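The next block holds one structure in the form of structure tokens; read it before the comments.
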Amino acid sequence: MSMSFFIHLFSAHKRFTELLTKDEKDLPNNRVPMERILTLPELKSNPFRKRICNVFSTSEYKDGGLTFEDFLDLLSAFSDSATLEIKSHYAFRIFDFDDDGTLDCGDLEKLVNCLTGETDDTRLTPEEMRQLINNILEESDIDKDGTVNLSEFQHVISRSPDFVSSFKIVL
Amino acid sequence: MNFQLFTYNVHVFYSDEARRRAQNRRAKPQRKAKKVSDDDEDDEDEDEAPRKKGQRKKTKPQDSDEDDEEDKRSVKRKTSKASRKKAKEESDEGSEEDKKKRRKQGTAGSKKDKEEQNKEKGNVKGKQGKDKGGEKDKKKKNGKISRNKPWRMKRRLVLLKEAQEFVEKFEGALGKGKGRKLYAYKVMMAKKLIKFKRDFENFKTACIPWEQKIKEVESHFGSSVASYFIFLRWMYGLNMVLFGLMFGLVVLPEILMGLPYGSIPRKTVPREEQETAMDFSVLNDFGGYIKYSFLFYGYFNNNRRIGLLQFRLPLSYLLVGVGIFGYSLMVVIRTMARNANEGGDGAEEGEFTFSWKMFTSWDYLIGNPETADNKYASITTSFKESIVDEQENQKDENIHLRRFLRVLANFLITCSLGGSGYLIYFVVKRSQDFAKMEKENLSWLEKNEVEFVMSLLGLVCPPLFETIAELEDYHPRIALKWQLGRIFALFLGNLYTFLFALFDEVNEKLETEKSIKNATDWAFEQYYTNYSSHYNTTDVPPPNVHPADVIRGPCWEDAVGIGFVKLIVSDMQVTYLTILIGDFARAFIVRFLNYCWCWDLEAGFPSYGEFDISGNVLGLIFNQGMIWMGAFYAPGLVGLNVLRLLSSMYYQCWAVMCCNVPHERVFKASRSNNFYMGLLLLVLFLSLLPVVYTIMTVSPSFDCGPFSGQGKMYDVIMETIEQDLPPFLANIFTYATNPGLILPAVLLMVLAIYYLNAVSKGYQNANLDLKKKMKITRDEEKNRRNNKDSTNEVMKDLEDLLPNKSLIPPPVEEEPHPDVIVDKGAKSPKIKPGAAARGVNLQKDVSLAAPNPRAPVTRAPGPRRGPPGNARSPQPGPGRGRGRGGHPSR
């Protein structure tokens, strides 16, 4: 298509092949397991790293392994040129921990726990958690069904000033 | 014509999902083209066709359901799609569709359709090139579209390949040869530029001093504590400028071009002090060598011009002394104005505060584990801040009790403020009496009574106020403002006593100075008469006395300067010691003695200290007031203050991170720290008064400082105007200082203030109105969004992406027969059992939305009257969610 496309493609391919072991390199269409994908420094300290792998994986075993195509999918969703629509779409799927197509209370709680880190002193108390989730549902759950669905999510996200700039991974 | 051709092409190439996206929104011809595609589907699912046709004319929600179903089908048929697409490219496809249309639609529109189709065909034959151009555009567009859709890579690749082939075929030489290299170069440069921009941004952030430190503090302690450090940083910047002015225009010229040390009396230590001039105890009191150094007013000579440059030092001294105030005033006011633009008292007005925090706060570019930890902390803190705000909003309170308590608290605090004010007044009065008595008769307590009472008040009152403020139960941010205001009032007493004592000292010094001056004059006279009578000559050489032995006055300016420097230094010592003992030692004991103590020290009594925002901010503000007042009498004070701020930045950052715990209720600071700035402005004004008073009325010492020999300090300016400026300028000055001119000017300014005030009020009202309107618009949009149909396409893309191709359970309230879903629910395992039952109540909740009547359709739909998808038509279109079943006219 264009030169920049190929430049991106090459660098992505290089990073991807670095993750492969020697004998895997010869095989076509091989899958890198999630554990090795997570060693990428760009993903290492991301609290959603496992979710990201799972979302972009096309593996039938649901182990989060990525083929090169999946890897490209990931990079393009997190690239500069991806639109708000794409980004919000994938963000929704990343936050949708149980893959049921809506963000319910369980998803939101997991999301909060991801954001506040693993240590106990940064955790919110159950009371704060309840209040927080209530507030979020009050704000963004427009049809009041107790969950945030994709269109509601995109409605919220599209008004955020810094989502597009922060939802980005650069190799 | 070309446009129609184009849309036709688009519809040939679009996949079914994309085609449906055009639904309800497109203009008439597009709508028709869509029908073509729908009919195409009907061809495949011939048996479902009649039902579908009926459904399409029913209520809109059902329409959306049907879309879902269609989508399911489209997933099944996905494999066959590519071949079908190619088949469509052939031209006879168009006529086939045309036939179908004629068969299915007996409406008037079909004739027009036919015409259009025929035109299209003609176009294909006749304007081959145009067609290709259009197709090319479309293919290119396809590439873009594929990037803008959240599709799987495989699907994209298929589309991309098609588009690529086409582009290669028709773009020809454009992509080869010279142009290609240039293009590659351009792309490379664009990438480089982007990278450079990013690096530059990073560099700019790195250039902001202490940004990292403050961010770290903010992430752990909240924005309120960080606001103190930001204020401190701002203060440091201000003081750096003041330091530059003072040292660049006053101190350095005197050191470089003025007379050297020891050449004249004011630059020499007197003989009787020389023995002890280097003793530590003397230096510690800023006596000895320090007193006669460039740090203080007395060191500067009163030569009108010095050095090669003919630098007018006294004039420069006066102008810098006043200019410091002018600059500070300007900066403070400008910052306040800028902050006011940003506005807000910290409570966010956005409607998605929490959701944004939740969904968009993580920065995916973070690759460093330490940064990630800080980010975790900051996100947690900001959650907590917002929760505190929200709790405050939701608090349902007994308004009468609350009011009573607030009045009571204010009464108590006014009482204690009045009491401490009287105490200060009483003590100062007493100390004046003591000063007249002989020092030997006084006890230690009586001598230091004022300082003792002052520090006692400073120690007791702030915690007392804080305790009383508990009664008021304000939001912590507002409570902080009240606390700041109250302690400020208390500290004003402090300032008052200090200034009072200082003026007493000055008056006393002026008395002694007068007698010494008389004595010196008398001695000179004696010398001259003796000399002339002895040598019988009128040409008398000046007395040959060593500068250290000259009799000199007390130099009250130096005394004032030393007073301020002492105050600043002792304040600094006290602050640092307090941090060391009150925070560090306490944290140390609590942390390590906790292992062998009978109760839990960390959770129980001493626990760790919290960062005292109000005390620190006020300390900083009053410190700055001292600097403003003292800088005129001690130019070195500004340099000292820069050092102090620098060290306290590092020291306090360390202390807060190491020994303090976050506040119990972490609260968000107001976005503009205009309250701090307002207090600062007040202090600036208060400190301006005494300095200007002394410049205008008190006569300077006769033997020290740049103004010695003048009647008043500002005479320097008069002298310059008279001697160095052309006479017409002097005239202008005399006119300008005429009361007849000044009074109208003041009047004009007052009127201008009144006018601007009125204008700003008007803008404020307009702002409020606009805000209201925006809120209404948002609500409307919410209601529109509430209707699922308009956003359904996106849902379909999502379904396609879900790993097991599971479908989202269709919105329950729009489903007339829940059983149908359960049948199809084989693919949607996550459907909730209670969902169908809950759907009944939902409609009551969504009061703002238009109701979705679920009455069965009892009569056949009438003929369509207008463009069904046109959202602007006056009749409720399907996109508005108003069911047709409810309208008896149809």
In whole angstrom, how far apart do the alpha carbon centroids of the range A:130-147 and the range B:235-273 sit? 66
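Using Cα-Cα distances under 8 Å and only pairs 6 or more residues apart, what relative contact order does chain A have, in percent?
Answer for chain A is 20 percent.
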Other chains' Cβ within 10 Å of B:361-372 residues: what's the mean? 6
Scalar couplings 3J(HN,Hα) for the range B:400-413 by Karplus 6.51 cos²θ - 1.76 cosθ + 1.60 (θ = phi - 60°), nearest whole Hz, x for Gly and Pro, are 6, 4, 4, 4, 4, 5, 5, 4, 4, 4, 5, 4, 4, 6
Toward the positive end of the charge dipole of the range B:445-599, about the Cα centre and with charges on Cβ (Lys, Arg +1; Asp, Glu -1), which of B:Trp597, B:Tyr474, B:Pro554 goes farthest? B:Trp597
Given charges at beta-carbon only (K, R positive; D, E negative), |dipole| of the range A:42-171 in Debye: 420
Just need the relative contact order of the range B:320-465 here, percent rounded to a whole number, with Cα pairs under 8 Å and 6+ apart. 16
Considering the options B:Val759, B:Leu686, B:Met718, tell which one lies farthest towards the positive end of the dipole of the range B:680-779, charges being +1 on Lys and Arg and -1 on Asp and Glu at the Cβ, about the Cα centre. B:Val759
If amide hydrogens are placed 1.01 Å from N in the peptide plane, which non-local residues have theirs closer than 5 Å to the one on A:Leu103? A:Val148, A:Asn149
So how do B:Arg155, B:Arg586, B:Arg338 line up by other beta-carbon neighbours within 10 Å, fewest first? B:Arg338, B:Arg155, B:Arg586
Tell me, what HN-Hα J-couplings in whole Hz come from the Karplus equation 6.51 cos²θ - 1.76 cosθ + 1.60 at θ = phi - 60° for each residue of the range B:232-249, using x for Gly and Pro? 4, 5, 4, 5, 4, x, 4, 5, 4, 5, 4, 4, x, 4, 5, 7, x, 9
Determine the shielding of peptide A:61-74 by partner chains: average, over its residues, the number of Cβ atoms on other chains within 10 angstrom of each Cβ. 2
Neighbour-count ranking [beta-carbon atoms within 10 angstrom, fewest first] of B:His475, A:His89, B:His400: B:His400, B:His475, A:His89
Note: B:Arg180 to B:Phe411 extended length (0.36 nm per residue) minus current alpha-carbon separation gives 75.0 nm
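Bear in mind these aren't lab numbers, they're just calculated from the coordinates by the rules spelled out. Model, not experiment: these values are computed from the prediction. Neighbour counts are summed over all protein chains in view; Cβ atoms, including those assigned to glycine, are modelled from backbone coordinates with ideal geometry.
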